[in-house]
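What follows draws every value from the coordinates through simple rules; no lab data is involved. No experiment lies behind these values; they were computed from the predicted model shown. Every residue, glycine among them, receives a Cβ derived from its backbone with ideal geometry; neighbour counts consider all protein chains shown.
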Amino acid sequence: MKTLKYISGICSCILLINIAGCKKIDDKFLQTTPETFYTVDNIFTTSSQIDQAVIAIYSQLRDIWANPTEQNWTFVFRGNGTDMFDVPSIRRGNTFNNYGLINPNNGNFNSIYGVWYQVIAKANLAIYSAEQPGISWASAADKAYTIAQARFFRAFAYRNLAELFGGVPVVTDVAKVARYDYTRSTRAETYQYAIDELLAIENDLPEVTAQGGRLVRGAAQHNLCELYLALGIQLQADGDGSGASAAFTQSIAYGNKVIDGGVYSLMSSRYGARKAEPQGNVYWDLFQENNVNYQDGNLECIWAIQIDYAAYRAEDPRSKLPYSRTYGPVFRDGSPGNITGTGADVGGRGIAQIIPTMYARDSIYNGAFADDMRNSDIVFRRNILGNVASSPYYQQPVPWPVLYDTKDHQSLNYPISCKIATDQYTGIADGENLSNLFRDDYFIRLPETILLRAEAKQRNGDKAGAAGDINLLRTRANCGYLVTAADMDDQYNMILDERARELVYEECRWNTLLRMGGTIAADRIRKYAFWPEAAATLTFNYNLWPIPQLVIDANKDVKLDQNPGW
């Protein structure tokens, strides 16, 4: 069992005492003199308890990423409604691209906004408690690392909030009374707060750990690369060109620390548990069980979700990646005359909660971009064999024009990524079906740092440098076509396309699109959304989600301004 075990929270026990046969209620009976009264000042008495509070944040982040309980708002956070993901015909009620239905009262916004403030509240409690005089620490370094993790999580939450919602109230204290008077910081101020937090704890995080899943310095540096990039974009939008250039320069510098610092490197040759198998390649290796963590020899893993099958069986039913189920195609409904079942040959027991758009599955590999390891059949399987005996394609690849014969079927039939399915499912002997993967998964992988640095270089006027960074990934993927400065267009389509090729099912695409500013998000949603509702109803441009109306209404003592366009 892995060392880092997640916990759901801290449970309290309440003793109920039934009093029978009382003839008269004595006033003294109503006076409470509790032997124990927990407050934020005494709830933790040991450093190990504070570490458990930090682990609870790891647990919550795992649930946000992996979505083991299949929450619709999490699918939105992970990209539903963007240029890359949509919903199939059988789930049109969960669409997130019909702007006749999307407004500040949409519950997805409230859930996503609220979950990051839950993370912030937990982080604030851990930071506050770590400084209480009664807590004994094994060493100053132990205390510093615990606080550094909590401050990282707080900064990470504000980075997400700023990218999605813009400027938000920055809360750094433990709330002891109800407040209704929060004020919004600007988007730039929110980014700057997160930057300052990470700068303060960068050197309190170790370069590497023996324990998979724990935060390391590279995670902070990667986020600083992203935050400085985001800050530069916002400063540029605000008319501060020199400030923007300085921020882009800092983004590049922090990208350099991660990319060129000697700790991380792109995996360029076969490695890990299945490296001797002839059908794989190095990109495929990245997504196999026991191959994800840095401690597994994967030098491009910066920070990973920890999934433990033994814990799943014993005590933690959310320790799973339900990706085959939630992301997987449904050939049995989309082409029942040719393909059926829920076996590994069809990608497992898929129910297609969200689907890749035609852009994400096909068009990014058109023309010169087809020759790409990430488009190879072992990585992005397109050869789906007919398994219905009466089919004319029995035991032969079913042609995609057949699978795409209607828009409905097109929404259920799509290539199977090695990131969401496997040919070796864990737990079958224990009665598991082919719904879940039990490998670890990436929060941060080095290619994303490279793509952030490429964008910072382009925004700072160095298109050749940006192309060079993209070619680091394209060279590793054995691509026949390497890009040039001329390919680096001013709408950042090349960077967004390369992010889709490299990071499909990994990145949070809303963060990327909204962070990039201008009309990029709206333009790409209109162009690439799977269903026509987006083009028909998205009649305005935006690069921020709305502040949830529930949040505005609850903050009754100070007016919170709504974001433009909403």
> Relative to the present Cα-Cα distance, how much length would full extension add between ALA144 and ASN493 at 0.36 nm per residue of separation?
Replying inline: 121.5 nm
> Of GLN458, ASN108, ILE259, whose Cα points farthest to the positive end of the dipole of the chain (charges on the beta-carbon: +1 Lys, Arg; -1 Asp, Glu; origin at the Cα centre)?
Replying inline: ASN108
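Using R₀ = 30 Å, calculate the FRET efficiency as 1/(1 + (r/R₀)^6) where r is the Cβ-Cβ separation of THR406 and ALA370; round to 0.05.
Numbers: r = 25 Å, r/R0 = 0.84.
With a Förster radius of 30 Å, E is 0.75.
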> On the first, second and third principal axes, largest extent first, how far apart are the outermost C-alpha atoms of the stretch 375-419 in Å?
Replying inline: 31, 25, 14
> Under a plain spin-label model, where a point goes 7 Å from the Cα along Cα-to-Cβ, how far apart in nm are GLU432 and THR172?
Replying inline: 4.3
> Which order, highest average first, do 107-114, 304-311, 449-456, 552-559 follow once you tally other Cβ atoms within 10 Å for each residue and take the mean per peptide?
Replying inline: 449-456, 304-311, 107-114, 552-559
> Using modelled amide H (1.01 Å from N, peptide plane; none on Pro or chain starts), what sits under 5 Å from the amide H of LEU437, excluding residues fewer than 5 places away?
Replying inline: LEU321, TYR323, SER324
>> As a test of the formula, what do you get for the chain when each DSSP H run with n ≥ 4 contributes -39,500 (n - 2.57) and the sum is divided by the residue count, at 222 nm and rounded to the nearest 500 deg cm²/dmol?
In response: -12000 deg cm²/dmol
> In nm, to one decimal, how far is the modelled label at SER390 from the one at ILE552, with both set 7 Å along Cα→Cβ?
Replying inline: 5.7
>> I need the phi-derived Karplus couplings for the stretch 223-235: 6.51 cos²θ - 1.76 cosθ + 1.60, θ = phi - 60°, integer Hz, Gly and Pro marked x.
In response: 5, 5, 4, 5, 5, 5, 4, 4, 4, x, 4, 5, 4
> Given H placed on each backbone N at 1.01 Å, which residues far from TRP303 in sequence or on other chains put an amide H within less than 5 Å of it?
Replying inline: PHE443, ILE444
> Which listed residue (TYR442, ALA486, PHE248) has the Cα farthest towards the positive end of the charge dipole for the chain, taking +1 on Lys and Arg C-beta and -1 on Asp and Glu C-beta about the Cα centre?
Replying inline: TYR442
> Principal axis lengths of the stretch 424-559 from Cα atoms, whole Å, largest first?
Replying inline: 55, 55, 34
>> Over the Cα atoms of the chain, each weighted equally, I'd like the Debye log10 I(q)/I(0) at q = 0.05 Å⁻¹, rounded to two decimals.
In response: -0.22
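Quick check: residue separation of ASP181 and LYS275 times 0.36 nm, minus the Cα distance between them. What number comes out in nm? Before the final figure, lay out each step's value.
On the way: separation 94, 0.36 × 94 = 33.84 nm, distance 5.74 nm.
Here the segment from ASP181 to LYS275 would lengthen by 28.1 nm.
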> Considering the zone a paramagnetic label at ARG382 would reach in this model (a point 7 Å from Cα along the Cα-to-Cβ line), which residues of the stretch 499-517 have amide N under 19 Å from it?
Replying inline: 499-505
> Considering amide H positions built from the backbone, and no H for Pro or chain starts, which residues 5 or more places from ILE355, or on another chain, come under 5 Å of its amide H?
Replying inline: ASP86, VAL87
>> What are the ³J(HN,Hα) couplings of the stretch 111-126, residue after residue, when phi is run through the Karplus curve with 6.51, -1.76, 1.60 and θ = phi - 60°? Round to Hz, x for glycine and proline.
In response: 5, 5, 4, x, 5, 6, 6, 5, 4, 4, 4, 5, 5, 4, 5, 5
>> I'd like the Karplus ³J(HN,Hα) series for the stretch 544-553: coefficients 6.51, -1.76, 1.60, θ = phi - 60°, whole numbers in Hz, and an x wherever there's a Gly or Pro.
In response: 9, 6, x, 5, x, 4, 4, 5, 4, 5
> Using 0.36 nm per residue, how much length does the chain from VAL40 to ALA535 gain when fully extended, once their Cα-Cα distance is taken away?
Replying inline: 173.2 nm
> Convex hull volume of the Cα atoms in the stretch 323-439, per residue, in Å³?
Replying inline: 108
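Pairs of alpha-carbon atoms within less than 8 angstrom and 6+ residues apart define the contacts here; what relative contact order does the chain have, in percent? Kindly include the intermediate steps, with their values, before the conclusion.
Working: 964 pairs, mean separation 109.6, N = 566.
Taking the mean separation of contacting Cα pairs over the length of the chain, I get 19 percent.
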